[in-house]
1. Report, by residue number, each residue of the stretch 87-112 that is closer than 20 Å to Y165 by Cβ and outside any strand (DSSP E or B).
2. Restricting attention to the stretch 106-117, which residues are within 19 Å of V171 (Cα to Cα) and either free of Cβ contacts under 8 Å to residues at least 40 places away in the same chain or open to solvent by 40 Å² or more (accessible area, probe 1.4 Å) (or both)?
3. Scan the stretch 48-82 for residues that are open to solvent by 10 Å² or more (accessible area, probe 1.4 Å), more than 10 Å from the chain's Cα centre (by Cα) and either closer than 16 Å to E158 by Cα or acidic (D, E) (or both) and jot them down.
4. Got a sec? Which strands (runs of 3 or more DSSP E) wholly within the stretch 113-210 have at least 2 residues that are basic (K, R)?
5. Looking at the stretch 166-201 only, could you name the residues that are open to solvent by 40 Å² or more (accessible area, probe 1.4 Å) and within 21 Å of the chain's Cα centre (by Cα)?
6. Would you mention how many residues in the stretch 76-94 are touching an Asp or Glu at 6+ places or on another chain (Cβ under 8 Å) and free of Cβ contacts under 8 Å to residues at least 24 places away in the same chain?
7. Is it the case that P134 is at pLDDT 95 or above and either out of contact with any strand residue (DSSP E or B) (no Cβ under 6 Å at 6 or more places or on another chain) or not hydrophobic (A, V, I, L, M, F, W, C) (or both)?
Amino acid sequence: MYRWSFLVLLFILVLVAVAGCGDNKRADSSGSTQRAKQAEQGAPQPATTGTLTAKEACSQLAASARQWASDARPYKLEGKADQDGATITDGKCSNWRVWFSSPSKKEIWVFSFRNGQPYRYPEGGGGNLPYEVPDWNNDWRIDSDKAAQVAAEAGIKEVTSMKMYEKASFVTTPREVPPSCKVWWDIYGRDQAGNGKRVYLDASTGAVLE
């Protein structure tokens, strides 16, 4: 009798364990499906840590910008070494900022990361400013890591600031940038002697602009 009761108890424990595994699998499947839906809808991704190239940062921040305005497009980005601990190493920065313009909202907002999470603040809005911005993905081929490499070959030994612009109607174009250039890098730093040096690059071709 004792042996029979023991076998019945063992059988019940096995059934409970199998049922628990099924619940865990369903929970994992449900979680994966939810994450996939969030990615498809452009929802903000989990916290970002470490350094990123400009394209990596812009891709992540664009998801948050599209939640703010579905027609938001970037036209300027900046990575800068500063007193808050941001660094630039081999064209990768620990905190990029990206400017997005929305024609429907008639506003410009800046998107960046704060404690690894997307963060935004307004730059301006209203007035008669044309907020239409070309899609720079059609012309942007030189990411920040490659741009930093070209800048180093041009004499910048330590990069302290990397900016990239789309030639929108309300963006001031430096004289070094020809009409044929639609998107360009403005890279600043120090040369071998420690003097300040600036280099402009065509972000489509990587050519140095002078």
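The values are calculated or read from the model by the stated rules, or taken from the named source; none is laboratory data. Source: prediction; values computed, not measured. So basically every Cβ, Gly included, is an ideal-geometry build from the backbone, and we count neighbours across all protein chains shown. The protein model used for the area step is the full one, side chains on, heavy atoms only, and it has no ligands, DNA or RNA in it. Shrake-Rupley method; radii C 1.70, N 1.55, O 1.52, S 1.80 Å.
1. Step one: filter the stretch 87-112 for residues closer than 20 Å to Y165 by Cβ, giving 88, 91-93, 95-103, 107-112.
Passing the criteria: G91, N95, P103.
2. First, pick out the residues of the stretch 106-117 that are within 19 Å of V171 (Cα to Cα): 106-111.
The answer is K106, E107, I108, W109, V110.
3. D71, E78, K80, A81, D82
4. In the stretch 113-210, the matching strands (runs of 3 or more DSSP E) lie at 196-202.
5. K167, K182, Y188
6. Within the stretch 76-94, the first condition is being touching an Asp or Glu at 6+ places or on another chain (Cβ under 8 Å), and the residues that meet it are 76, 90-92.
Next cut, free of Cβ contacts under 8 Å to residues at least 24 places away in the same chain only: none.
Count: 0.
7. Working: at pLDDT 95 or above: no; either out of contact with any strand residue (DSSP E or B) (no Cβ under 6 Å at 6 or more places or on another chain) or not hydrophobic (A, V, I, L, M, F, W, C) (or both): yes.
So P134 fails the test.
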